[in-house]
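Only one structure is covered here, and it is reproduced in the block below.
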């Protein structure tokens, strides 16, 4: 039967058209069918024209007349056809929106760069990414996302897009960890391993090793480039009952990448709440961020030792290298700390990176 092959096509004709083919092959008229299934000719006509939806009751009766074709075939075909119609109607609706304005607001060029898809399809994919059915729903759904961040000039749209892009990358970038139970004590016991990994100044290699360690501890780690105006450095959230750490890599240096990572570990140990998303962004001065920053600083360099080192006022390449070795870290980390604290200029000792 031709109808059986049509199920595999991307374009579906109304279910009634397929039924007609079978009826004609069996020599059954619409009037005959109406008599055989105890239905009105008008109802039969409406089903065959697609005006009435093919119901389970009709499909069960039809399988008794067109023997060998089960009700499930008709119901599956009808469902696929109705879905196709609904998608066509959705595209028509989306095409009426101000897509140019929506594309600008939701960073289509950046998110879909390199993808050969229409503006309409980009809009639909963005809705999927944000997990909303209409852009008018965006403000209600994301109204509580990082209020402080928005007050500081960040774009809520950019932040929401980045968070959802990170979530989409979780299972791509990580191993399966469903069977691994996260325990805070295990992270604390492995802090020294994280420090050792940070000493590998080949950033990509060190991060890959870090991700493997995270996965063994029941934690997800995702690196995803920041969306313009998101201003985000990192985030801590929950995915499938496991902590998930997102890093944007806004600052490409090894020291900044690792500081952001340990900053999020600080949040994990100090502030983790399964029901709360903690977003870290540039120049944030709230208490949680201050505590996470202090955790990261002290993780790499003992604060008392650092104070004594600075007070000696003998900062040069050799003393930096020696101090870094004493702290179990690399010179780049010490230089970055000195630069951040404005003890040296940002152009000094870059050759130690």
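Any read-out appearing in this document is the output of simple, stated calculations on the displayed coordinates, not a laboratory observation. Just so we're clear, the structure is a prediction, and the values are computed from it rather than from any experiment. Cβ sites come from the backbone with ideal geometry, for glycine too, and all protein chains shown count toward neighbours.
For this structure, a couple of remarks:
- Among beta bridges that DSSP assigns inside region 147-299, antiparallel share in %, nearest 5: 70 percent
- Relative contact order of region 303-352, taken over Cα pairs closer than 8 Å and 6 or more residues apart, is 26 percent.
- Sites residue 228 and residue 128, calculated FRET efficiency, Cβ-Cβ separation with R0 25 Å, nearest 0.05: 0.75
- Relative to the longest principal axis of the Cα atoms of the chain, the long axis of helix 156-173 lies at roughly 80 degrees.
- Degrees separating the helix 56-65 axis from the principal Cα axis of the chain, which is the longest one: 50 degrees
- Residue order, fewest to most surrounding Cβ atoms within 10 angstrom, among 233, 105, 211: 105, 211, 233
- Computed from Cα atoms, the angle from the helix 15-26 axis to the main principal axis of the chain rounds to 40 degrees.
- Rounded FRET efficiency, nearest 0.05, which uses the C-beta distance separating residue 110 from residue 344 and R0 of 30 Å: 0.30
- Rounded to 5, the percent of DSSP beta bridges in the chain classed as antiparallel: 70 percent
- In this rough spin-label picture, where each label sits 7 Å from Cα along the Cβ direction, the residue 136-residue 57 distance is 3.5 nm.
- Taken along the Cα-to-beta-carbon direction at a fixed 7 Å, the label points for residue 317 and residue 83 span 6.5 nm.
- The mean sequence separation of alpha-carbon pairs under 8 Å and at least six residues apart, normalised by the residue count of region 147-299, gives a relative contact order of 23 percent.
- The stretch between residue 99 and residue 308, if pulled fully straight at 0.36 nm per residue, gains 69.3 nm over its current Cα-Cα span.
- Shape category assigned to region 147-299 from the gyration tensor of Cα positions, a/c cut at 1.5: rounded
- Cα centroids of region 247-311 and region 316-353: 18 Å apart.
- Calculated FRET value between residue 39 and residue 90, using beta carbons and R₀ = 41 Å, to 0.05: 0.80
- Normalising the average separation of contacting C-alpha pairs (under 8 angstrom, six or more residues apart) by the number of residues puts the relative contact order of the chain at 10 percent.
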